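The values are calculated or read from the model by the stated rules, or taken from the named source; none is laboratory data. Because the structure is predicted, anything quoted here is derived from the model rather than measured. Here Cβ is always computed from backbone atoms with ideal geometry, including for glycine, and neighbour counts include all displayed protein chains. Quick note on the areas: whole protein, heavy atoms, side chains included, nothing else; ligands and nucleic acids left out. Shrake-Rupley method; radii C 1.70, N 1.55, O 1.52, S 1.80 Å.
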Amino acid sequence: GTVVIINEQGQVGIDGDLLAERAARLREITGGCVCCQAQAELDATLAEFADASPRPTRILVETSGAASPAGVLRALTWGSARDRLRLDGVVTVLDASRAEAALTFDLTVEQLGFADVVVLSHADTCDAERLATLEADLQRCAPGAVFVRGHRGTVEGDETLLEILAKRGEVLHPL
């Protein structure tokens, strides 16, 4: 099954309660960012799941939007479980209704730059013209990403995450 690792910046986790029913196993890492302060805990958690029996088919690391993807990738590629795990991709979720303001932050641009898939959440709150303009602007930050639109925790269409990730080879947006 799928394992979800959730990073909560505070001492009390909220997302875990929301996702608990949808994951085979769930682990919350609280009290620090997995890209820096809690990276050792992320490394240990990844190693634990990599050694688990049965081994999970997929491990999703949910960073709550405040982590640098580089730190998470460092844990996957240099951590103690690096020989037993393979990165499938990086998914960045961006609130379409707040995207312009978010793009003023370097972390948002960095997250988009690492993205294989960009999910525009709250897409239903934007008109078609605004979404088209937003996607064109975002493609400059994420030229190799597949873009999908989301609404209330689901993405448009009936494709699975694996099917969406498989489209990466078809996408290279001109700069």
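Remarks
- The single residue among 148, 93 that is in a strand (DSSP E or B) and within 30 Å of residue 52 (Cα to Cα) turns out to be 93.
- Among the residues of region 113-129, those that are without any contact (Cβ under 8 Å) to a residue 24 or more places away in the chain and either on the phi > 0 side of the Ramachandran plot or part of a helix (DSSP H, G or I) (or both) comprise 128, 129.
- Of the criteria (1) at pLDDT 90 or above; (2) open to solvent by 60 Å² or more (accessible area, probe 1.4 Å), which one residue 78 fails: (1)
- Residues considered: 113, 157. Of these, the only one that is at pLDDT 90 or above and either small (Gly, Ala, Ser) or open to solvent by 70 Å² or more (accessible area, probe 1.4 Å) (or both) is 113.
- If you go through region 24-38 and pick out every residue that is assigned to a loop (DSSP other than H, G, I, E, B) and either out of contact with any Leu (no Cβ under 6 Å at 6 or more places or on another chain) or over 18 Å from residue 73 (Cβ atoms) (or both), you end up with 8.
- Sole exception among (1) open to solvent by less than 60 Å² (accessible area, probe 1.4 Å); (2) in contact (Cβ under 8 Å) with a residue 60 or more places away in the chain for residue 68, by number: (2)
- Matching residues, region 130-142, being touching a Leu at 6+ places or on another chain (Cβ under 9 Å) and either open to solvent by 60 Å² or more (accessible area, probe 1.4 Å) or touching a residue at least 40 places away in the same chain (Cβ under 8 Å) (or both): 137, 138, 140, 142
- The residues in region 107-150 that are touching a Phe, Trp or Tyr at 6+ places or on another chain (Cβ under 7 Å) and under 17 Å from residue 89 (Cα atoms) can be counted, and the count is 2.
- Being part of a strand (DSSP E or B) and either surrounded by fewer than 21 Cβ atoms within 10 Å (Cβ to Cβ) or modelled with pLDDT under 90 (or both) is a property that holds for residue 61.
- Residues within region 64-90 that are within 16 Å of the chain's Cα centre (by Cα), part of a loop (DSSP other than H, G, I, E, B) and small (Gly, Ala, Ser), tallied: 6
- Restricting region 161-175 to residues that are assigned to a loop (DSSP other than H, G, I, E, B) and exposed (fewer than 10 other Cβ atoms within 10 Å of the Cβ), the residue that is modelled with the highest pLDDT: 174
- Number of positions in region 39-58 that are crowded, with 17+ Cβ neighbours inside 10 Å and assigned to a helix (DSSP H, G or I): 9
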